[in-house]
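Engineer: Have a look at the structure that comes next, please.
We did not get these values from a lab; they are worked out from the coordinates using the rules stated. The structure displayed is predicted, hence computed values, not measured ones. So basically every Cβ, Gly included, is an ideal-geometry build from the backbone, and we count neighbours across all protein chains shown.
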Amino acid sequence: MGTLWYGAKVRTLRTEDDIQEAVYVENGIIQEVGEKESLIRKFEESITDYQDVSGGVIYPGLVDSHLHMIGHGEKLQRLDLSEVTSVNTLMELLRQKAKELPEGEWLIAEGFNENLFTPAVVPHRAELDEVTSRHPIVLTRVCRHAMLVNSYALELAKIHKDTPNPPGGLIEKDTEGLPSGYLHDQAQEYVRDVMPSIDSTYLERALSDSLEDLWSQGFTGAHTEDLNYYGDSLLTIQTFHKIIDGEKRKFRANLLVHHEVAAFLNERGFSYGRLNNTLEMGAVKIFADGALGGRTALLRQPYSDDPSTSGVAIYSREKIRHIVKEARMLNMPVAIHTIGDLALEYALDAIEAHPCPKGKRDRLIHLQVTAPDLLKRLQKLPVVLDIQPRFVASDFPWVEERLGSERLEYAFAWNTYLNMGIKCAGGSDAPIEPPNPLLGVHAAVTRRKPGQSHEGYYPNEKLTLFEALRLFTVGSAEAISKESETGLIEKGYKADFTIFDQDLFDLTPDEWLDVKVKKTVVDNSVMYEGK
Ligand SMILES: [Zn+2]
């Protein structure tokens, strides 16, 4: 009882130029890789399934090392306004969306930015009322500090002309003294309070949309962090169990566990390791700081473009140490969000004080700003750096103003990390960035946006295509200490394949973005088939 995959180039990623002809699989495990004819001769008796890929290239299954699956699913369902540059287009998109929704359902769209409109003015609620009076409409601004709603939503939220501003919030009024529909900061809570609550149907829909989308982009797995954002963490984890059942729907999902719910879930039997055939619990997630955009990433020296701040520590140095200690009591590795260099220092202090359990690895997520002394400490630890190559394409050039040239030498320094022998895994942080792995690979190799022609931001830090693909295969496997099971096409490894219609090694970076997924194979089962 075995399957022979053939009819395509097999890029094992064992080395940069290793190309084979066929893969023979039994019980979901690769038995041998090699020439088609010799595999047929050797396994003729046991091959029951001949899978002719008919062209294209078989790669090891791609795994996104950091994203938020449910958040990605929510984003797919909600209208994305971040690229909308005119009010006309905005209204047209809303009209289309309203037609698809059953009467009374909320029309939620995200990420509008009036600075892209001419003139740069936020529309009035009356303009939304013209779109539909049968759905409450909520448009969140790109910064998430404000939202625009229609009259229906105002009514449900009981916001009228005499409603006082809540502490920390503002209900904007128009020239007639009536609410304009534009709500700032805490005033948004009035609307959020009456929006549909999160229940199992909501979570299941978001997760299954996300799953379908990730398969279609060639992903065979992901390390995802969702467990503390949707009310009941047990319900969230049960939803994962139901949607990714490991039988009909296979996807190697590793669930990071927010530290606030780690002990709670542990007591209820959700401990580190296997949950089903393809689902498992991963490390304890801890936030050490914010992000560079809002100057909340924690830096050793003040921001170059605002010397009044060095960012925000989510927890004190001592508190992070304590949280890591608690994770160790559960025998779990940690995954710490660190963007600034001081946040990294806090994280290193904590990990060194309370070392990772034997045989496991900690991870540090994002690692945007580092320093030579911190990298030397990282070299000595069982850690993987969980990097998001796309942030280089998205965050430059504005990030240069935030950090200044001196610090930039050790910022987003992917090649430096790899050259120092520090392990790196590649992710997208979807829904922040699109999950498309080809965009991630493109950014790692070119350090610029598709279509641009400059030499890339800090070109010394560019990776080769081989290195970039390894981030999403071997690197993701290393992040969960599974590099002897997944990440390569090799005897003894799991039969997880991403099959593209063309070989990336034959194309220029901008051409990669036209490459199509032919099949996504998890545990020897086809989970997605391209048209
Ligand atoms: Zn994230």
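Engineer: Just grab the label-to-label distance for residue 199 and residue 373, each label 7 Å out from Cα along the Cβ direction, in nm (one decimal).
Structural biologist: Calculated label separation equals 5.6 nm.
Engineer: Cβ neighbours within 10 Å, averaged per peptide: list 250-260, 189-199, 2-12, 59-69 in order, most packed at the top.
Structural biologist: 59-69, 250-260, 2-12, 189-199
Engineer: With all distinct Cα pairs included, what does the Kirkwood hydrodynamic radius of the chain come out to in Å, to one decimal, could you say?
Structural biologist: That comes to 24.7 Å for the chain.
Engineer: Per DSSP H run of n ≥ 4, the term is -39500 (n - 2.57); total these for the chain, divide by its residue number, and report the mean residue ellipticity at 222 nm rounded to 500 deg cm²/dmol.
Structural biologist: -9000 deg cm²/dmol
Engineer: With a point put 7 Å past each Cα toward its Cβ, work out how far residue 235 is from residue 156 in nm, to one decimal.
Structural biologist: 1.7 nm
Engineer: Moving to a separate point now. Using the charge dipole of segment 70-192 (Lys, Arg: +1 at Cβ; Asp, Glu: -1 at Cβ; taken about the Cα centre), state which of 116, 186, 132 has its Cα farthest towards the positive end.
Structural biologist: Going by the Cα projections, it comes out as 186.
Engineer: Please list log₁₀ I(q)/I(0) at q = 0.15, 0.28 Å⁻¹ for segment 144-206, using the Debye equation with identical point scatterers on the alpha-carbon positions.
Structural biologist: Reported log10 I(q)/I(0), two decimals: -0.47, -1.21.
Engineer: Next up: Of all DSSP beta bridges located in segment 70-192, what percent are antiparallel, nearest 5?
Structural biologist: 60 percent
Engineer: How far is it, in nm, from the label point at residue 318 to the one at residue 452 when both lie 7 Å from their Cα along the line to the Cβ?
Structural biologist: 4.4 nm
Engineer: Could you let me know the centre-to-centre spacing of segment 1-27 and segment 381-396, using Cα atoms, in angstrom?
Structural biologist: One Cα centre to the other: 30 Å.
Engineer: Let me ask something else about it. Could you give the length gained by full extension between residue 49 and residue 127, i.e. 0.36 nm per residue of separation minus their alpha carbon distance, to one decimal place?
Structural biologist: Numbers: separation 78, 0.36 × 78 = 28.08 nm, distance 5.90 nm.
Going from the current span to full extension adds 22.2 nm.
Engineer: Here's another thing I want to ask about it. Nearest 10 degrees is fine. How inclined is helix 317-329 to the longest principal axis of the chain, computing both from alpha carbons?
Structural biologist: Once rounded, the angle reads 50 degrees.
Engineer: Please work out the FRET efficiency for the pair residue 308 and residue 513, using the Cβ-Cβ distance as r and a Förster radius of 45 Å; give the result to the nearest 0.05.
Structural biologist: 0.65
Engineer: Full extension from residue 105 to residue 91: what is 0.36 nm times the residue separation minus their Cα-Cα distance, to one decimal in nm?
Structural biologist: Length gained between residue 105 and residue 91: 3.3 nm.
Engineer: Over all alpha-carbon pairs in segment 294-410, figure out the percentage whose distance exceeds 19 Å.
Structural biologist: I get 46 percent for the Cα pairs in segment 294-410 exceeding 19 Å.
Engineer: What is the gain in length, in nm to one decimal, between residue 277 and residue 325 on full extension, counting 0.36 nm per residue of separation less the C-alpha to C-alpha distance?
Structural biologist: Length gained between residue 277 and residue 325: 14.3 nm.
Engineer: While we're here: Just from the alpha-carbon atoms, what are the Rg and Dmax of segment 180-288 in angstroms?
Structural biologist: Considering segment 180-288 through its Cα atoms, Rg and Dmax are 15.9, 52 Å.
Engineer: Which whole-number percent is the relative contact order of segment 70-192 (Cα, under 8 Å, 6+ apart)?
Structural biologist: On the way: 207 pairs, mean separation 24.7, N = 123.
With pairs under 8 Å counted, the relative contact order is 20 percent.
Engineer: Additional query: Using the alpha carbons of segment 10-56, what is the convex hull volume per residue in cubic angstrom, as a whole number?
Structural biologist: Enclosed volume per residue, from the Cα hull, is 87 Å³.
Engineer: Quick check: Cα centre of segment 228-261 to Cα centre of segment 284-344, how many Å?
Structural biologist: 25 Å
Engineer: What net charge is computed for the residues neighbouring residue 6, neighbours being all others with C-beta under 9 Å from the C-beta of residue 6, Lys and Arg scored +1, Asp and Glu -1?
Structural biologist: Computed value for this residue: -1.
Engineer: Taking a temperature of 20 °C and a viscosity of 1.002 mPa s, what whole-number D in µm²/s does Stokes-Einstein yield for segment 70-192 with Rh from Kirkwood over alpha carbon pairs?
Structural biologist: The Stokes-Einstein estimate is 148 µm²/s.
Engineer: To continue, here is another question. I'd like the antiparallel share, as a percent to the nearest 5, of DSSP beta bridges with both residues in the chain.
Structural biologist: Working: 38 of 82 bridges.
The antiparallel fraction comes to roughly 45 percent.
Engineer: Report, in whole Å, the centroid distance computed from the Cα atoms of segment 138-204 and segment 480-494.
Structural biologist: Cα centroid of segment 138-204 versus Cα centroid of segment 480-494: 49 Å apart.
Engineer: Over the chain, what is the mean sequence separation of C-alpha contacts under 8 Å (at least six apart), divided by residue count, expressed as relative contact order in percent? Intermediate results must be reported in sequence, preceding the final value.
Structural biologist: On the way: 1162 pairs, mean separation 86.5, N = 531.
Normalised by residue count, the contact order of the chain is 16 percent.
Engineer: Under 22 Å between alpha carbons, and skipping anything fewer than 8 positions from residue 9 in its own chain: which lysines qualify?
Structural biologist: Cα-Cα hits under 22 Å: 36, 42, 491, 494, 516, 518, 519, 531.
Engineer: Hey, another quick one. May I ask you to list the residues of segment 1-29 whose amide nitrogen lies under 16 Å from a point 7 Å from Cα along the Cα→beta-carbon direction of residue 41?
Structural biologist: Zone members listed by number: 21-22.
Engineer: Against the longest principal axis of the chain, how steep is helix 398-408, in degrees 0 to 90 to the nearest 10, with axes from Cα atoms?
Structural biologist: Roughly 50 degrees, rounded to the nearest 10.
Engineer: A further question on this structure: Using a Förster radius of 30 Å, what is the FRET efficiency between residue 175 and residue 145 based on their Cβ-Cβ separation? Nearest 0.05, please.
Structural biologist: Details: r = 24 Å, r/R0 = 0.79.
E(calc), rounded to 0.05, equals 0.80.
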